[in-house]
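Worksheet for the structure shown next.
The values are calculated or read from the model by the stated rules, or taken from the named source; none is laboratory data. Just so it is clear, the model here is predicted, and its values are computed rather than measured. With ideal geometry, Cβ positions are generated from the backbone for all residues, glycine too; neighbour counts draw on all protein chains shown.
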Amino acid sequence: MLPPTDARIVSRIGFVQPVLILRRIPMKRALTLAIAALGLATAAHAGGDPAKGEKIFKKCKSCHAIVAPDGTAIVKGGKVGPNLYGVIGRKAGSYEGYKYSKALKAAGENGLVWSEEELAKFVANPKKYLGGKSKMSFKLRKGGEDVAAYLASVAKSE
């Protein structure tokens, strides 16, 4: 329990209850709870930056293009990989006319739909994400969430 002097000082500020509660929780546990709360808050706000993603996508365009359904080239790029227009929200391994790896087709058949989060995980290490088999050998170690946000924004802006 707080000595009366501490309680009077704290009550003038209006924080009696939280201080009393924290005094009863061991410091180690209070720190653990604070760190966990901070981690949840960070995860809730972890989104990509489409502007940064547009710049980072330059690394991707050697293999991928972004072409709208009407044929408008948003980003001219290679045809080694599938068109990435509308990839967010698309079932994995389902872009018409592209021959995907068996592993990626199986992931799509098992229900994988590309979200920004899943695409960011995939581009960080495609082979590891699919369990060792992927046609995509490039690893985008940083900025995957930004590229995913950019790809999502391209399809929304149409």
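Taken over segment 123-158, the criterion of being of a type outside the set (Gly, Ala, Ser) and in a loop (DSSP other than H, G, I, E, B) is satisfied by Asn125, Leu130, Lys133, Lys135, Met136, Phe138, Lys139, Leu140, Arg141, Lys142, Glu158.
All conditions in (1) modelled with pLDDT of 95 or more; (2) among the small types (Gly, Ala, Ser); (3) more than 25 Å from Lys52 (Cβ to Cβ) hold for Ala106, with the sole exception of (1).
Out of segment 55-94, which residues are among the β-branched types (Val, Ile, Thr) and more than 21 Å from the chain's Cα centre (by Cα)?
Val67, Thr72, Ile74, Val75, Val80 - these are the residues of segment 55-94 that are among the β-branched types (Val, Ile, Thr) and more than 21 Å from the chain's Cα centre (by Cα).
Within the option set Ala103, Ala148, being over 17 Å from the mean Cα position of the chain (by Cα), surrounded by 14 or more Cβ atoms within 10 Å (Cβ to Cβ) and either more than 17 Å from Ile56 (Cβ to Cβ) or touching a residue at least 24 places away in the same chain (Cβ under 8 Å) (or both) holds for one residue only, Ala103.
Taking segment 108-122, which residues are without any contact (Cβ under 8 Å) to a residue 60 or more places away in the chain and in a helix (DSSP H, G or I)?
Scanning segment 108-122 gives Gly108, Glu109, Glu117, Glu118, Leu119, Lys121, Phe122.
Being at pLDDT 95 or above, aromatic (Phe, Trp, Tyr) and touching a strand residue (DSSP E or B) at 6+ places or on another chain (Cβ under 8 Å) is a property that holds for Tyr85. Could you go through segment 65-72 and let me know if any residue there is in contact with an Asp or Glu (Cβ under 8 Å, 6 or more places away or on another chain) and buried (at least 18 other Cβ atoms within 10 Å of the Cβ). No: segment 65-72 contains no residue that is in contact with an Asp or Glu (Cβ under 8 Å, 6 or more places away or on another chain) and buried (at least 18 other Cβ atoms within 10 Å of the Cβ).
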